[in-house]
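One structure below.
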Amino acid sequence: MWCSRVSLRRLQRIVVAPLNTSSPVNGMQRAKSTLPRVYVTRKIPPEGLKILSQSGEVQYELWDSDDPVPRQELLKKVRGVDGLVCVLTEKIDAEVLDAAGPNLKVLSTMSVGFDHLSLDELKKRGIRVGYTPDVLTDAVAELTVALLLTTSRRLVEATHEAKTGGWGTWRTLWLCGYELANSTVGILGLGRIGIAIAERLKPFKVKKFIYTDIAPRPELASQIQAEYVSMEELAKQSDFLAVCCALTPETQGICNQKLFSQMKNTAILINTSRGGVVNQEDLYEALSTGQIAAAGLDVTTPEPLPTDHPLFTLKNCVILPHIASASYTTRNAMSALAANNLLAGLRGEPMPKELKL
């Protein structure tokens, strides 16, 4: 029991990072106690922590764990801080901002999404917000293609059959899936990631790319020769439908029974954006009744998805634990950008990537 308690304390200890006291600030040493205070809500990858430590510009406390900081601990530790570094699992709302108080001037999230932030509350308080787009584009696009191929060629099913004795004599239609060659790929929400996905799919001899968005995006679309269509046409024409849009009030549950009813029964849905974009009850119905062929999800609601969720019972639904940006290169780049956003904001300078509120 003692060992378990020691392990738990070690996992969830709060540490104060050492400062590089040799760094000059305004040409002279600054006492540690006068440096801006920063709270980091998770053990972020080392590049970001290195930047904060070596800057000599802040003193920071870190929730030194891979698991989320408990809510009450977060509310306690943000009191009086000048800056906050968070990840997408922390809900930064009025309660947190009230607990932080008037000193909080900069929030930096290590994420491209910001649906975990109460933007109206941040704007009202004049708090600047940094985020980490662009640096994860390649990793997310790669994972999306991997998930699409895994789902369409039934790789999870095939691996299970090989491991459990289902691999018998050769059969003509056993574990057949769907090819990208001569297919139509639809993109819901054409941005950097949608373009990167299409660029990677093009060598597979895709016949046509189509997309829909809140408005045509001709400059972006020209990079992949994509055609702008209505939401209904996107559903009707797509053999593969990649969901790449941000989660907003307008896109909440936009992939629903209406959309699925318009799709081909051979179509495959891939979502690497946000779980809330898909109505999961409607998706289960569409998959279990053969309304669409299959789905691959890297994001769900909630996260983690309970292991007894009905979607896990379906062979034609591949679910990953939100790993689209999970490469060493990308996570370190996100961490570094989050640190640099924070430092620039505390200096009163333009952030490398600032969310305009």
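The values are calculated or read from the model by the stated rules, or taken from the named source; none is laboratory data. Please read these numbers as outputs of a predicted model, since none were measured by experiment. In this analysis, Cβ positions are derived from the backbone assuming ideal geometry, glycine residues included, and neighbour counts consider all displayed protein chains. With ligands, DNA and RNA removed, areas are computed over all heavy atoms of the protein, side chains included. Shrake-Rupley method; radii C 1.70, N 1.55, O 1.52, S 1.80 Å.
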Exercise for review: Quick one: which residues, 5+ away or cross-chain, put their amide H under 5 Å from the amide H of residue 227? H built at 1.01 Å from N.
Suggested key: 209, 210, 211
Review point. Hey, what do the phi angles of the stretch 77-88 turn into as Karplus ³J(HN,Hα) couplings, whole Hz, using 6.51/-1.76/1.60 and θ = phi - 60°, x for Gly and Pro?
Key: 7, 7, 4, x, 6, 8, x, 9, 10, 10, 10, 6
**Study point:** Flagged links, alpha-carbon separation over 25 Å, of 77/123; 208/356; 91/353
**Key:** 208/356
Practice item. Holding the Cα-Cα limit at 26 Å, pick out from 202/315; 163/202; 207/264 the pairs that are longer than that. Key: 202/315; 163/202
Point to revise | Quarter of Cα convex hull surface for the chain, i.e. mean projection, nm² | key: 22.1 nm²
Exercise for review: Would you mind telling me the share, in percent, of accessible area of the chain contributed by carbon and sulfur at probe 1.4 angstrom?
Suggested key: 54 percent
Study note, to complete from the structure: Summing -39500 (n - 2.57) over every DSSP H run of at least 4 in the chain, dividing by its residue total and rounding to the nearest 500, the 222 nm mean residue ellipticity is -10000 deg cm²/dmol
Review point. Per the Debye formula with a single identical scatterer at each Cα and no solvent contribution, what log10 I(q)/I(0) holds for the stretch 37-78 at q = 0.14, 0.24, 0.26, 0.33 Å⁻¹?
Key: -0.32, -0.82, -0.92, -1.17
**Study point:** Largest to smallest accessible area among 356, 202 [probe 1.4 Å]
**Key:** 356, 202
Practice item. Report the accessible area of residue 322, computed with a 1.4 Å probe over the heavy atoms of all protein chains in place, in Å² rounded to the nearest 10. Key: 50 Å²
Check your understanding: Given the C-alpha centroids of the stretch 51-66 and the stretch 239-262, what is the distance between them in whole angstrom?
Key -> 39 Å
Practice item. Would you mind getting the accessible area per residue of the stretch 212-357, heavy atoms of the protein chains only, 1.4 Å probe, in Å²? Key: 47 Å²
Review point. Sorted by packing (mean other beta-carbon atoms within 10 Å per residue), highest first, where do 287-295, 233-241, 72-80 land?
Key: 233-241, 287-295, 72-80
**Study point:** Lys, Arg +1 and Asp, Glu -1 on Cβ, resulting dipole of the chain about Cα centre, debye, nearest 20
**Key:** 920 debye
Point to revise | Accessible surface, 1.4 Å probe, highest first, among residues 63, 167, 174 | key: 167, 174, 63
